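Structure record follows, encoded as structure tokens.
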Amino acid sequence: MQYSEIMVRHGELSTKGKNRMRFINKLKRNIQDVLAAYPQVTVKSDRDRTHVYLNGTDYEPVVESLKQVFGIQSLSPVYKVEKNVAVLKKSVQDIMTSLYQEGMTFKISSKRSDHQFELDSRELNLTLGNAVFDVLPQIKAQMKKPDLNLKVEIRDEAAYLSYEDIKGAGGLPVGTSGKGMLMLSGGIDSPVAGYLALKRGVDIEAVHFASPPYTSPGALKKAQDLTRCLTRFGGNIQFIEVPFTEIQEEIKAKAPEAYLMTLTRRFMMRITDAIRQMRNGLVIINGESLGQVASQTLESMQAINAVTTTPIIRPVVTMDKLEIIAIAEKIKTFDISIQPFEDCCTIFAPDRPKTNPKLKNVEQYEKRFDIDSLVARAVAGITISEIGPESARDRIEHLLDDIL
Ligand code: ATP
Ligand code: MG
């Protein structure tokens, strides 16, 4: 027998009252994005569940993808069979004989939403349980915590059988908490920050500062690959590349070395905020973590933050590096992040950046710049592209690249 659909149970959103349908529709669209590589698959949602119809697609990779999508509490691969007692008996027997192992206990849990069906749920449990004993006389029924709980659902259009309950990623469907701009470098921390924001339903757009020719095409591709990695949790992400060369050169030429970093970060923040406003984002998300490097002291954070009143979410701010790395490995961004392409900040980084930059000094140095037009030019020069999940074809090409 072949699975016909994956049944998806919604997560936390079931508590969300009248917003429920909005949440469910968002989840449905995210699932469609994430499964775009499987053109046969179709998705349908109702108030209680989302049905992912396989239409012949192999179920395993689809389940693996669904397990990562935020807003899903659990999922079950399901067999769809004709609503007919003889067919049901035969199907239940086939499933149980294929799964049986010595000493196994089981139960049948039937439910019918079609009340016209000839057997009620109690009769179904009995009839189908007896059918199992006919082919597996040695198997034991057990009502509490059986090894295998075969669920039978009689709905209007057909009957559905399932026995696996797979845990989903939890969290909220991406997009149900509004939009934020993720400042995405090529490092380890910002992709993790992005992942954590996605988990709470924030729709992120990735803002990446590139300074060609000082930064290589490889560095840009790395940021795009990291973004692609993040699409697994909730669908496509807009990738925004900001031309940053002019600003970095000007800072290098005009600001004292110890303040390069602070000034650079303040420009990044201003530009990100301008893009956020233009694109109706509500917050900025970054990968700042306390005390890792000189640039990440509280004094530094205050000086950088002073250019905007927009809320800045720092999901990894209090985590140890090892905790961040553990998440990066889990979400498979780590191996991409450690690829050796220089980020724009590393290239211009002074040997000894100021750990306690004084806002008064910062503002003094910034008088040397025409901030508004520098920001405006960078914003005018952005390029936006939509990044979706890797298609089967991309995957094969990458595998070939690795081999050759
Ligand atoms: P990461 O590992 O995310 O690069 P980090 O520990 O290297 O972080 P910093 O280099 O101080 O820390 O950067 C702090 C944050 O500033 C980053 O997490 C990121 O959000 C943002 N940032 C730094 N460089 C860039 C860039 N080139 N483009 C976009 N955002 C950046
Ligand atoms: Mg970095």
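Every read-out reported here was derived from the displayed coordinates using simple, explicitly stated rules and does not represent laboratory data. Computed from a predicted model, the values in this text were never measured in an experiment.
Side notes on the structure shown:
- Largest GNM mean-square fluctuation among LYS26, LYS44, LYS222, using the chain with Cα springs under 10 Å: LYS44.
- Measuring nothing but how far apart in sequence close Cα pairs (under 8 Å, 6+ apart) lie, relative to its length, region 1-130 scores a relative contact order of 29 percent.
- Less than 5 angstrom separates the built amide H of LYS151 from those of SER109, SER162, TYR163, all sequence-distant by 5 or more or on a different chain.
- Residues whose amide H falls under 5 Å from that of VAL242, counting only those 5 or more places apart or on a different chain, are HIS208, PHE209, ALA210, with hydrogens built in the peptide plane.
- Candidates TYR365, TYR59, TYR195: whichever shows maximal mean-square fluctuation once the chain is modelled as a Gaussian network with Cα springs under 10 Å: TYR365
- Partners of LYS354 within straight-line reach, counting lysines whose Cα lies under 23 Å from its Cα and excluding those fewer than 8 residues away in the same chain: LYS252, LYS254, LYS321, LYS367.
- Qualifying lysines (Cα of each under 29 Å from Cα of LYS140; at least 8 residues distant if same chain): LYS80, LYS83, LYS89, LYS90, LYS107, LYS111, LYS151, LYS167
- Of MET278, MET268, MET183, the one that fluctuates the most in a GNM where the chain has Cα springs shorter than 10 Å: MET278
- For region 179-402: relative contact order, % (alpha-carbon pairs under 8 angstrom, 6 or more apart): 33
- Mean separation of Cα contacts under 8 Å (6+ apart) over length of the chain, as relative contact order %: 18
- Global dimensions of the chain from alpha-carbon coordinates: Rg and Dmax equal 26.8, 88 Å.
- Excluding same-chain neighbours fewer than eight residues apart, the aspartates and glutamates reachable from LYS44 by a Cα-Cα span under 18 Å are GLU5, ASP33, GLU153, ASP156, GLU157.
- Derived value for region 5-167: Kirkwood hydrodynamic radius 17.0 Å. Basis is the mean of 1/r over every pair of different alpha-carbon atoms.
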